[in-house]
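Asks: What follows is a single structure, and I will ask about it in a moment.
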Amino acid sequence: MASDQFYQVPKPRPMYRGLDSVMHGWIGAYQRRSAIGRQLLQDAEAVDALAPRFEVMNDHELRAALLEFRSVFLRRPKHDAELEALAAVREAAFRTVGLKAFVVQLAGALALNRGHLVEMATGEGKTLTAGLAAVLIGWTRKPFHVMTVNDYLVARDASWLEPFYEFCRIRVGKVVGGASEEERREAHRCDVTYTTSRELLADLLRDQMKNRDSATRSRRILKQMTQSRMQGNQRGVLRGIHMAVVDEADSILIDEAVTPLIISSPRPNESLKKAIYHADALVRQLSERDHYTVQSTYKEIYFTEAGRQKIESLSHDWPGIWKSEARREELVRQALVGRVFFLKGKQYIVQDGKVVIVDEFTGRPMPQRSWRQGLHQAIEVKEGLKPSDPSETVARMSFQRFFRCFTKLSGMTGTARESARELWRIYQLPVVCLPSNKPCIRRQHQRVITTDEASKWHAVMEEIKAVHHQGRPILIGTRNVHVSEKIGEMLDEAGLRYQILNATRLSEEAMIVARAGEKGRITVATNMAGRGTDIKLDPDVSALGGLHVIATEPHETGRVDRQLFGRCGRQGDPGTARMFASMEDEIIVRALKGSEKSYPMTALSSLLPRPWMVNFAQWISERRAYKQRLAVLRADRWLEESLSFSGQS
């Protein structure tokens with residue numbers, strides 16, 4: 001499809017209800033049965049057995065064989081052709097990038113090509129696995145994207161595998177933030193395009209905005225007949241969305257899926273800016289309990305009657321929107337939300353005089369994002385900055401809806417089994433778990449759970465000193481920037497050298513993480529920082545016991561804890577991990593406090609053993625997050641039905 005013509009976005013995959021949903025769930029359980037994994041491994045063994053056939057070929061002969069397979073994949077390939085082609089592609093990878101895929105990686109590539117979400121342990125070589133599958137899919141010449149979590153991994157993976165793709169007669173492109181429209185258009189024309197989900201969805205929305213004036217099929221045809229190809233500013237950059245492989249799929253499809261991508265344009269509003277200054281001054285005169293109450297679970301503020309009277313009396317002489325009771329209370333509520341729930345070093349940082357949102361799942365700054373409905377401006381004023389112009393939404397789409405639009409979707413991650421049912425229900429993605437190439441010998445120590453935070457930090461420092469004394473490297477995982485900086489201060493006091501990696505120090509992310517396995521090194525990192533980069537151990541570190549991972553606080557879901565612990569013990573390496581928690585940790589306080597009305601058993605939580613309380617708090621947090629995702633699904637369903645009724649779907 002020529003990329004200067006607009007395309008029709010596929011309709012999202014259907015969501016089943018009632019008995020259909022029950023039946024669909026049974027089908028999902030069948031699709032992820034253990035026999036699928038065994039069959040994949042058997043097929044991978046068959047591919048491995050074909051290796052001698054291609055090893056004896058010279059480069060010219062191997063290229064000729066690959067060209068022949070490419071012509072087969074342009075049509076509908078049969079099972080035998082898939083196995084033979086993968087054997088040839090494996091040999092091409094060995095000759096170009098120097099790595100010969102393990103049987104487990106071959107099984108992973110087959111699973112991706114067949115539309116599965118593959119769980120492979122950290123360090124098992126998912127980048128090469130995706131590359132092998134990308135050749136088979138890229139040969140079909142249909143729009144195909146490989147998506148990962150950040151621009152660094154996009155550029156790294158595409159550049160590293162480029163010689164391999166060229167050998168297989170595959171054109172590879174990459175789209176990162178800051179790329180021009182023409183660079184994006186050229187990259188999307190390639191057989192395989194590496195990008196992030198945010199960049200791809202943004203390109204899709206921008207294309208649809210251009211196409212908005214030709215919504216019906218007849219108008220599109222007329223436009224294509226009359227529009228000059230030289231009018232590049234009216235052309236879409238995509239040639240469509242059809243197939244995708246999603247790296248770190250649990251993070252992208254589950255954790256980050258509830259946040260929609262919004263394209264907005266600034267709209268100057270001086271009266272709103274003045275009102276936000278007034279609201280900031282007003283909230284300084286309010287006190288909790290007397291004038292408002294805080295509901296920490298859902299980040300909500302409720303005014304008392306005394307609070308409403310106080311707001312009215314303080315704003316009685318103010319003009320404009322302050323005359324409306326609902327509007328003035330909303331302004332004050334947003335100012336309070338910004339002060340109570342959005343904290344510097346946790347939800348945002350200040351860089352170059354600007355408030356920059358920090359992604360709570362990745363710990364990375366998101367400079368292109370802003371909070372809506374005046375919240376971003378309220379936080380800017382709180383920090384003593386000049387408020388920016390508020391934005392008006394031009395286009396938006398949830399990531400759940402976006403990924404359901406793909407005709408063929410597959411993915412890979414180190415942690416998927418916990419979310420297998422949800423991944424099938426929402427995306428019709430069956431999860432298959434593959435064994436590691438070498439047995440995992442990581443030892444996970446018993447959790448340390450203290451009554452208060454002070455005791456927890458004391459225990460953490462004692463553990464760090466003891467392990468560091470052995471000469472072993474240590475990776476310390478934190479949930480936000482504030483805690484990582486706090487640990488840095490404690491390490492300074494103890495006279496220990498360390499590297500810190502958080503949203504304010506990302507320029508050398510991959511290098512810092514890659515060196516985290518060196519003898520005696522201490523690395524402090526926010527959640528998922530450096531994900532996608534292997535931590536390789538120094539030779540003498542293995543004899544000492546390998547990398548030691550410390551989790552300083554439970555995450556919202558145990559799956560994210562498992563991601564962190566998976567940073568050690570890769571490819572049969574030794575390693576240990578330990579979780580530290582306290583009864584004052586945010587997740588425990590917020591989950592147990594906020595659940596008193598909804599969960600009667602919370603009244604008995606004080607009688608439970610502490611490990612059970614941590615597990616219970618994570619269960620509550622996971623349940624709330626799942627409800628949020630269901631709410632997004634309901635909104636998407638309403639949108640689909642509304643658009644269908646209006647004829648714009």
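What follows is calculated from the coordinates using simple rules that are stated; it is not laboratory data. Since we're looking at a predicted model, the values are computed, not measured. Using ideal geometry, Cβ is built from the backbone for each residue, glycine included, and neighbour counts are taken over all protein chains shown.
Asks: Which lysines, on any chain, are close to residue 142 with Cα under 28 Å apart, when same-chain ones fewer than 8 places away are left out?
Replies: Candidates past the 8-residue exclusion: 11, 78, 100, 126, 174, 210, 223, 408.
Asks: Over the Cα atoms of region 457-590, what Rg and Dmax result, in angstrom?
Replies: Looking at region 457-590, its Cα Rg and Dmax stand at 13.8, 44 Å.
Asks: Can I ask one more? Say the dipole of the chain comes from +1 at the beta carbon of Lys and Arg and -1 at that of Asp and Glu; which of 616, 424, 179 then lies farthest toward its positive end?
Replies: Result: 424, furthest along the dipole toward the positive end.
Asks: If you don't mind, another one. Name the residue from 252, 366, 385 whose Cα lies farthest towards the positive end of the charge dipole of the chain, charges +1 on Cβ of Lys and Arg and -1 on Cβ of Asp and Glu.
Replies: 252
Asks: I'd like the per residue volume of the convex hull spanned by the Cα atoms of the chain, given in cubic angstrom.
Replies: Residue-normalised Cα hull volume stands at 186 Å³.
Asks: Apply the Karplus curve 6.51 cos²θ - 1.76 cosθ + 1.60, θ = phi - 60°, to the phi angles in region 119-131 and return the couplings in whole Hz, x for Gly and Pro.
Replies: Per-residue couplings from phi come out as 9, 10, 4, 4, x, 8, x, 5, 4, 5, 4, 5, x Hz.
Asks: Run the numbers for residue 615 and residue 366: contour at 0.36 nm per residue of separation, minus the present Cα-Cα distance, in nm.
Replies: Details: separation 249, 0.36 × 249 = 89.64 nm, distance 3.07 nm.
Computed gain between residue 615 and residue 366 is 86.6 nm.
Asks: Quick one: if the Förster radius is 60 Å, what FRET efficiency do residue 441 and residue 386 give, using the C-beta to C-beta distance and rounding to 0.05?
Replies: For residue 441 and residue 386, the calculated efficiency is 0.60.
Asks: Continuing with this model, one more query. Mind counting lysine pairs for me in region 268-389? Cα separation below 17 Å, and the two need to be 8 or more apart along the chain or on different chains.
Replies: So the count of such lysine pairs works out to 17.
Asks: How far is it, in nm, from the label point at residue 341 to the one at residue 8 when both lie 7 Å from their Cα along the line to the Cβ?
Replies: 4.1 nm
Asks: Give the cross-link partners of residue 456 among the aspartates and glutamates, using a straight C-alpha distance below 19 Å as the criterion and excluding same-chain residues fewer than 8 apart.
Replies: Candidates past the 8-residue exclusion: 485, 489, 492, 493, 553, 556, 561, 584, 585, 586.
Asks: Right, next: Please give the contour-minus-distance gain from residue 408 to residue 277: 0.36 nm per residue of separation, less the Cα-Cα distance, rounded to one decimal in nm.
Replies: Details: separation 131, 0.36 × 131 = 47.16 nm, distance 4.97 nm.
Length gained between residue 408 and residue 277: 42.2 nm.
Asks: Each residue of region 580-588 in order: what ³J(HN,Hα) in whole Hz does its phi give by Karplus 6.51 cos²θ - 1.76 cosθ + 1.60, θ = phi - 60°, with x for Gly and Pro?
Replies: Rounded to whole hertz, the list is 10, 8, 9, 5, 9, 5, 4, 5, 6.
Asks: Here is a further query. Net charge around residue 453, counting only other residues with Cβ within less than 12 Å of its Cβ (Lys, Arg = +1; Asp, Glu = -1)?
Replies: So the surrounding residues net to -3.
Asks: Can you give the calculated 222 nm mean residue ellipticity of the chain, where each DSSP H run of n ≥ 4 adds -39,500 (n - 2.57) and the sum is split over every residue, rounded to the nearest 500 deg cm²/dmol?
Replies: Value at 222 nm, helices only, nearest 500: -14500 deg cm²/dmol.
Asks: For a footprinting-style exposure proxy, rank 96, 407, 576 by other Cβ within 10 Å, fewest first.
Replies: The fewest-first ordering by Cβ neighbours comes to 407, 96, 576.
Asks: While we're here: For a quick check: with amide H placed at 1.01 Å from N, whose amide H comes under 5 Å from residue 414's, ignoring anything fewer than 5 positions away on the same chain?
Replies: Answer set, sorted by chain and number: 120.
Asks: Only four residue types carry charge here, +1 at the Cβ of Lys and Arg and -1 at the Cβ of Asp and Glu. Report the dipole size of the chain about the Cα centre in Debye, rounded to the nearest 20.
Replies: Roughly 1680 debye for the chain.
Asks: What does the charge count around residue 479 come to, taking other residues whose C-beta lies under 10 Å from its C-beta (Lys +1, Arg +1, Asp -1, Glu -1)?
Replies: Net charge around residue 479: -4.
Asks: How about residue 519: which aspartates and glutamates have a C-alpha closer than 12 Å to its C-alpha, ignoring those fewer than 8 places off in the same chain?
Replies: Partners within reach: 538, 540.
Asks: Can you list, largest first and rounded to whole Å, the semi-axes you get for region 284-360 by taking the square root of 5 times each eigenvalue of its Cα gyration tensor?
Replies: Equivalent ellipsoid semi-axes, largest first: 26, 16, 10 Å.
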